Amino acid sequence: MPQLQFFDFRDNSQQLWDEILATQKDAAQSLAYKLVSEAVRDENGCLLTETTATRKVRFARLQFTAYRFIYCALTETAASSDQVIRHRCHNRRCVNPEHLTIGTKADNKHDDWEYWANGIDRAYLGTVAMHP
Ligand SMILES: [Zn+2]
């Protein structure tokens, strides 16, 4: 019977981000800041990409959604495949790092329910600590 390694398992997404943050962090953060700086600020403080669909970005020969890339690069987080980057502002075009947070898929659903029930909680926005 093979021993399953539950404790130290790093999935593909985590291994990828471990690698990026270890070897290409400066390049990843430069690209992330460039994406943020190119976005347009709206009246909610959201930074919106010019695309109508979710912005994609290529890095290290791979494709990412821009907001996931930005969150992982700027907060130096190796997100797993099961972790989603959540929009506190509920605008998936937003790439403002301060509006992004990490959670599970279940959290993301819960956010949607909260939003549908109560609208955006503005006090909740703008509290993410970022690495310089
Ligand atoms: Zn936003």
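Derivation of every value follows stated rules applied to the coordinates shown; laboratory data play no part. On a predicted model such as this, the values are computed, not experimentally measured, just so you know. Positions of Cβ are backbone-derived with ideal geometry, glycine not excepted, and every protein chain shown enters the neighbour counts.
Listed by chain and number, the aspartates and glutamates whose alpha-carbon sits under 19 Å from that of LYS34, ignoring those within fewer than 8 places in the same chain, are ASP26, ASP42, GLU50, GLU76, GLU98.
Among CYS94, CYS46, sorting on how many other beta-carbon atoms sit within 10 Å of each Cβ, with the fewest leading, yields CYS46, CYS94. Computed about its Cα centre, the charge dipole of region 12-124 is approximately 340 debye, with only Lys, Arg, Asp and Glu carrying charge at their Cβ.
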